[in-house]
Every structure is written in C-alpha cells, then in structure tokens.
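Step one of this worksheet: look at the structure below.
The values are calculated or read from the model by the stated rules, or taken from the named source; none is laboratory data. Everything quoted here is computed from the prediction, not taken from an experiment. Here Cβ is always computed from backbone atoms with ideal geometry, including for glycine, and neighbour counts include all displayed protein chains. The accessibility values were calculated without ligands, DNA or RNA, using every heavy atom of the protein model including side chains. Shrake-Rupley method; radii C 1.70, N 1.55, O 1.52, S 1.80 Å.
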Amino acid sequence: MTDPYMEKKFLGAMVGSALGDAIGELAFAYPDKDLLCSKIHEATELRYTDDTAMAIGLAESLLEMGRIDQQHLGKTFSDNFDREPWRGYAPGPPTIFSEVKQRGFSYVLAAERLFGEEGSFGNGAAMRIVPVGLFFYDSKEIYDEACASAQVTHAHPVGMDGAAVQAIAIAEALKLDPKGDFPLEEFTENLVRKSRTAEIYEKMRIVRDMVSQGAAPASAADSIGRSVAVHESMPFALYAFLLNPASFEECIYCAILNGGDRDTLGAMAGAVSGAYLGIDAIPPGWREKLENRSYIESLAKDL
C-alpha cells in the first residue's frame, strides 16, 4: 500500500528538483530576486533543462529494470537526448552517446575515455540523482548504486562520489520529520563521513563549518564554490538547504542567486528540500507551472 506521508515526500523531491532546475535556469537571465519573482509570477510555464530530462530518464530506467542497469540507463539517456537535444546538454553526454553508436563501446567505457581517459567530475550525475535517492533510500547499497548510475556519463571518482553524497542527502532528508527539530549537526556530519574522495570530503567539511558559523551565502559561495565541477556545486546546494531547512523557497533562492551553475544548483538543492519538506511545502503557484508536471509526479509515485 502507498504511504501518503512518504508519497508527499517522493513528490516533493522529484517536483522540487525539477522546479529548482527550471527556476535556476530563469535566474541566469534574471539574477535579481525581485525581478526573478516577478518573472516566475508572469510565466505561463516553468521549463526544465537537461538536469530534469536526465532525472526523468534515470527514473524511467529504474522503474523498467528494477535496478541500475548501466547499458539500459545509457540507452535511455541517449534516446531521450535524441528526442530533445535542445535541453541544454553539456558536451560530455552527447559525445558518449555518439561514441557508443559509432564505435560500439559500452556507455561506461565511452565515459571513461572522456578528458584524457580520466572521466568527468562535472555535476551532471549529481544533478539527476534524485530517483536513486528515492528508490534506494532504505538500502545499505545506496552509495554503490549511485556510483553505478553516475558512471554511465561521469566516470571520474569525484564525479561518482559527488553523486553518491547527493543521493544520500536526499535519502536521509526523506527519513526526517519536518515537524521536528532539524538535526543539523548529525545530518551534516553524516555527509562528511560518507564522502570518499578528498575533494568532496574537504568541501563537505567547509559546508559543515560555514553552516555552524552562520556564514552568509556570498561568503559561503566563495569558500565552497558553485561551478560545474561537482565538488564546487553539490556542496553549495547542500549548504543552501542546511541554511534554510524550513523553507523550500528560501533554499532555492539561496542556491540560485549567488552565481555559478544556477539551474543545477537549484535542482540539487530542490531535491533535498523537497524530500525533507514534502510537496505541500512547495508553492502551489510554482508547482502548477512546472512543465510536464503530471508525468514527473507519476514517476515519483511509481518510484
């Protein structure tokens, strides 16, 4: 039977991530908060980018296969890209898709060949990871499953580690009751401990320190980073959530209004905030305008 309480949290995570993506994309053109709020109000539709398109693909593959099947996942990503290549993909995934088609490589092998055969440590695996955080939220294998899903396009250890820590953050937020006190120190320390690469570990320590000190977002952004590299974006998205655990809106604004890779920062922050607070905490006026909302919600319920 479906648990209505958990269903709201699954919906919050999927819809929250997509809205963070869509509103973050809008913030590139309208980085002033008041103007951005006005544009959100005026918009008839909030359109998402490749961040959400790939999260949808990950959910579709998980639901069809019941597990992370890397070849099936890569094919799902590739097919979805062919249908909507205009979503704003970075060059990495299309290069991988082309290599697989032309040379017959596996998706993982093609991903491993990127960037001088080191693989990508961009944030593309973390931005889409929300279905893994939901599907494996109560599994001891969540770290490894997240890495397996990341490896299809982001085979560098930092790229996989960042995606896994983001998935764990979503899963842990899902388990918490937002009506109680948020366990800030315990939540943050757990993410520090779960980090396996020096790059993610050090940035998560900075996040912990910045939040405990009450550092202002601009200062935290400079110390943590907010670029397309996963260790310079995923940690700042988590900082935005940890600074604003009780407010989905303020979490999103913090994530996207301090420069950097705004849409992806919004997607990652929105996923954790939505998982913690649930769908009812997301402004109805935002939810109603989300592109493809009914399908995204159906995926959340199926997950």
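Here the dipole of the range 165-303 is about 200 debye; that uses its Cα centre as origin and unit charges on the Cβ of Lys and Arg (positive) and Asp and Glu (negative). Helical runs assigned H by DSSP (4 residues or longer) give the chain a calculated mean residue ellipticity at 222 nm of -21000 deg cm²/dmol, each run adding -39500 (n - 2.57) before division by the residue total.
Subtracting the Cα-Cα distance of Glu7 and Glu118 from 0.36 nm times their residue separation leaves 36.1 nm of extension gain. Summing Lys and Arg as +1 and Asp and Glu as -1 over all other residues whose Cβ lies under 14 Å from the Cβ of Asn292 gives a net charge of -3. Once backbone amide H atoms are built at 1.01 Å from N, Leu290 has Leu46 as its partners under 5 Å, excluding neighbours fewer than 5 places away on the same chain. A Stokes-Einstein calculation at 20 °C with viscosity 1.002 mPa s, built on the Kirkwood radius of the range 147-303 over Cα pairs, returns a diffusion coefficient of 136 µm²/s. In the elastic network of the chain, a GNM with C-alpha springs shorter than 10 Å, the most mobile of Leu242, Leu62, Leu184 is Leu184. Measure up Lys194/Lys301; Lys33/Lys203; Lys75/Lys194; Lys75/Lys101 against 18 Å on the Cα-Cα distance and list the ones that go over. Cα-Cα > 18 Å for Lys194/Lys301; Lys33/Lys203; Lys75/Lys194; rest within. Derived scalar couplings between HN and Hα for the range 32-40 equal 7, 4, 5, 5, 4, 4, 5, 5, 4 Hz in order, rounded to whole Hz, by the Karplus curve 6.51 cos²θ - 1.76 cosθ + 1.60 (θ = phi - 60°), x for Gly and Pro.
Springs join every pair of Cα atoms under 10 Å in this Gaussian network model of the chain, and among Lys289, Lys75, Lys140 the largest mean-square fluctuation is at Lys140. For Arg226, the solvent-accessible surface computed with a 1.4 Å probe is close to 70 Å², ligands and nucleic acids excluded. For the range 44-115, the carbon plus sulfur part of the accessible surface works out to 50%, probe radius 1.4 Å. Around Met210, under 12 Å between beta carbons, what's the net of Lys plus Arg minus Asp minus Glu among the other residues? Taking every other residue near Met210 into account, the sum is +1. The orientation-averaged shadow of the Cα convex hull for the range 183-227, equal to a quarter of the hull surface, comes to 3.2 nm². If the chain linking Glu249 and Trp86 were pulled fully straight, counting 0.36 nm for each residue of separation and taking away their Cα-Cα distance, it would gain 55.9 nm. Projected onto their three principal axes, the Cα atoms of the range 97-170 cover extents of 38, 19, 18 Å, largest first. For Gly122, the amide hydrogen comes within under 5 Å of the amide hydrogens of Val230, counting only partners 5 or more places away or on other chains and with H modelled in the peptide plane.
You can think of it this way: the chain between Ser38 and Asp280 has 84.9 nm of extra reach, that is 0.36 nm per residue less the Cα-Cα gap.
When the chain is treated as a Gaussian network with alpha carbon springs shorter than 10 Å, the biggest mean-square fluctuation among Cys147, Cys37, Cys254 belongs to Cys37. Among Met234, Met6, the order of accessible area from largest down is Met6, Met234, computed with a 1.4 Å probe on protein heavy atoms. Applied to the range 86-102, the Karplus parametrisation 6.51 cos²θ - 1.76 cosθ + 1.60 on θ = phi - 60° returns per-residue 3J(HN,Hα) values of 8, 5, x, 5, 5, x, x, x, x, 5, 4, 4, 5, 4, 5, 5, 7 Hz, with x for Gly and Pro.
Answer rounded, prolate or oblate for the range 1-129, using the Cα gyration tensor with square roots of eigenvalues a ≥ b ≥ c: rounded when a/c is under 1.5, else prolate when a/b is larger than b/c, else oblate.
Oblate, since a/c reaches 1.5 and b/c is not below a/b.
Under the criterion of Cα pairs below 8 Å and six or more residues apart, the relative contact order for the chain equals 32 percent. Considering only Leu73, Ala167, Phe10, and ranking their Cα positions along the charge dipole of the chain that arises from unit charges at the beta-carbon of Lys, Arg, Asp and Glu, the one farthest toward the positive end is Leu73.
At 1.4 Å probe radius, can you tell me the per residue accessible area of the range 151-303 in Å²?
36
Just to verify a number: FRET efficiency for Glu141 and Asp181, C-beta to C-beta distance, R0 = 25 Å, to 0.05?
0.25
Note on the range 207-264: with charges restricted to the Cβ of Lys and Arg (+1) and Asp and Glu (-1), its dipole about the Cα centre is near 80 debye. Computed on the chain, the Cα convex hull volume stands at 117 Å³ per residue. Each residue of the range 204-212 was assigned a 3J(HN,Hα) from its phi angle through the Karplus expression (A = 6.51, B = -1.76, C = 1.60, θ = phi - 60°), giving 5, 5, 5, 4, 4, 5, 5, 5, 5 Hz with x at Gly and Pro.
How many angstrom lie between the Cα centre of the range 142-182 and the Cα centre of the range 232-268? Rounded to whole Å, the Cα centres lie 16 Å apart.
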